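Beneath this line is the structure, given in structure tokens, with notes to follow.
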Amino acid sequence: MTLQLACDNDIFPPLFGATQRLFGLARGMATRLDVRALCVVPNRSRGASAERVMNVDIRRLRSWHTSVAWWLERAGLAPFFTAEAGHRARAGAYREALGDRPDILMCDLGLTGLFPGAEPALRVYHAHNVEAERWRSVAPRVWGRERWGTKLAALERRAVEQSDCCVACTDADAAALRSIHGARDVIVAENGYDETTIAPARPEARAAARTALGIPADAYVAAFVGGDWAPNHDALDWLVGEVMPSLARDGFVLLAVGAVAERLAGRSEPWLVARPASPDLGALLAAADAGLNPVLSGGGSNVKLPTYLAAGLAVLSTPFGLRGHARLAGAVIGVDRSQLADALRRRPRGWAARGELAPPALADHAWGTIGARLADSLATRAGVATIARASRAGSH
């Protein structure tokens, strides 16, 4: 059975939350299905037009209008989702790049213009967030925000209506898709971690990572990982401005990793180490004792939380940062922002440092496992739909 995935991110290498989710699900589904991914990327992309990674056939198609949409949002004129109109206009070119008609077509919101005419494929809307809700809390600063929010909600509603089922990353998002947009069938595929690259570091790897980063061997290192996304910037600004200065004299270091950390490049504080997004995140987390998730807003759930746990770190998170990860909550230190500094002063140790086994629920959050489960659910639905069509045809 074949599945085609369409998105406007370059999913390999997976460098931030959305691409980690997309590639993780794709390679997990590829253990059950023949998976081809269309990545609509900016013209500046250096990726190969076609490559095969971990049984996922990746096709990259360059498109100038994604860059235009990005710059319009940066200028405060229009949000990035306006790129959807350009994607819809190029649907024919996208279908040609994907090749033969699939059994299952799974699209991110921006590529749902591929749904019309896709029958008899099972059409699946993949929702990273509930966009109508997320807009109310973290909309970009663009002119006419309320009007754009109405357009986004209509776009999301159309994606739900034109799909045969939806995929959400939390139970709360699934319920919102049903209540706001009338979704009939929603599968929950949680956010997870890359079990092929993330694991507790051995002592020699930890020492090497600290040497490479210039971090003292006896420092207590708290990591914050995030993409270029407003809730991440807010959390990191708070850590840098409010938390770390008071902890620095006691031997604490903040390791900030990802696109969120790029604007910290060149800072000279001895307690701050900033590194850009890296496909080898595990090698950076090897230097850490704890992973932090002090976010207060956003959508979906945070990929960083199961990633920290898989690395064996102590994990400290706000209650909001725990959303969508109820089964992992028992392994996380839940704190309000006002309590975080005191919690760090106790220098908590993760399950690996304590010599314990991994939390029982963690294995279920490996991307390979989540993707395989999702593939089975989608294949069942596609099979049922095929039988139903054959039955209807035979009755005429």
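The values are calculated or read from the model by the stated rules, or taken from the named source; none is laboratory data. Here the structure is a predicted model, which means the values were calculated and not measured. Glycine gets a Cβ as well: all are built from the backbone with ideal geometry, and neighbour counts include every protein chain shown.
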## Note on the structure
With the first residue restricted to segment 133-146 and required to be more than 16 Å from Trp71 (Cα to Cα), and the second required to be in a loop (DSSP other than H, G, I, E, B), Cβ contacts under 7 Å at 6 or more apart or on different chains are Glu133/Gly299; Arg134/Gly299; Ser137/Ser297; Val138/Ser297; Val138/Gly298; Arg145/Ala139
### Task
Mind listing whichever residues of segment 296-321 are within 16 Å of Ala343 (Cβ to Cβ) and either β-branched (Val, Ile, Thr) or not assigned by TED's automatic domain parsing to the domain that holds Leu255 (or both)?
Val315, Thr318
### Task
Kindly list the number of the only condition in (1) out of contact with any strand residue (DSSP E or B) (no Cβ under 6 Å at 6 or more places or on another chain); (2) free of Cβ contacts under 8 Å to residues at least 60 places away in the same chain; (3) not in a helix (DSSP H, G or I) that fails for Ala248.
(3)
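Looking at Gly321, Gly291, Gly300, can you tell me which residue is under 22 Å from Ala230 (Cβ atoms) and touching a Cys at 6+ places or on another chain (Cβ under 8 Å)?
Numbers: Gly321 fails: touching a Cys at 6+ places or on another chain (Cβ under 8 Å); Gly291 fails: touching a Cys at 6+ places or on another chain (Cβ under 8 Å).
Residue meeting the stated conditions: Gly300.
Can you go through Gly76, Gly17, Gly24, Gly28 and tell me which one is modelled with pLDDT under 95 and under 22 Å from the mean Cα position of the chain (by Cα)? Lay out the reasoning, then the answer.
Values: Gly76 fails: under 22 Å from the mean Cα position of the chain (by Cα); Gly24 fails: modelled with pLDDT under 95; Gly28 fails: modelled with pLDDT under 95.
Just a single option satisfies the conditions, and that option is Gly17.
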### Task
Return a yes/no flag: does segment 62-79 have any residue that is closer than 30 Å to Arg389 by Cβ and not assigned by TED's automatic domain parsing to the domain that holds Ala259.
no
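Only one of these is surrounded by 15 or more Cβ atoms within 10 Å (Cβ to Cβ), at pLDDT 95 or above and not assigned by TED's automatic domain parsing to the domain that holds Ile104: Arg349, Arg381. Name it. Explain how you work it out, then say what you get.
Values: Arg381 fails: not assigned by TED's automatic domain parsing to the domain that holds Ile104.
Being surrounded by 15 or more Cβ atoms within 10 Å (Cβ to Cβ), at pLDDT 95 or above and not assigned by TED's automatic domain parsing to the domain that holds Ile104 holds for just one of Arg349, Arg381, which is Arg349.
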### Query
Somewhere in segment 253-262, is a residue modelled with pLDDT of 95 or more, under 30 Å from Asp364 (Cα atoms) and part of a loop (DSSP other than H, G, I, E, B)?
yes
### Query
Quick one: is Arg90 basic (Lys, Arg), closer than 30 Å to Gly368 by Cα, out of contact with any strand residue (DSSP E or B) (no Cβ under 6 Å at 6 or more places or on another chain) and surrounded by fewer than 23 Cβ atoms within 10 Å (Cβ to Cβ)?
no
## Note on the structure
Checked Ile198, Ile187 against criteria (crowded, with 16+ Cβ neighbours inside 10 Å, in the same structural domain as Gly371 (by TED's automatic domain parsing) and touching a helix residue (DSSP H, G or I) at 6+ places or on another chain (Cβ under 7 Å)); the one match is Ile187
### Task
List the number of the failed condition for Leu111; all other conditions in (1) in a helix (DSSP H, G or I); (2) of a type in the set (A, V, I, L, M, F, W, C); (3) surrounded by fewer than 21 Cβ atoms within 10 Å (Cβ to Cβ) hold.
(3)
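Going by what's in this entry, would Asp103 be described as in contact with a Ser or Thr (Cβ under 8 Å, 6 or more places away or on another chain) and among the acidic types (Asp, Glu)?
Values: in contact with a Ser or Thr (Cβ under 8 Å, 6 or more places away or on another chain): yes; among the acidic types (Asp, Glu): yes.
Considered against the rule, which asks whether it is in contact with a Ser or Thr (Cβ under 8 Å, 6 or more places away or on another chain) and among the acidic types (Asp, Glu), Asp103 comes out as yes.
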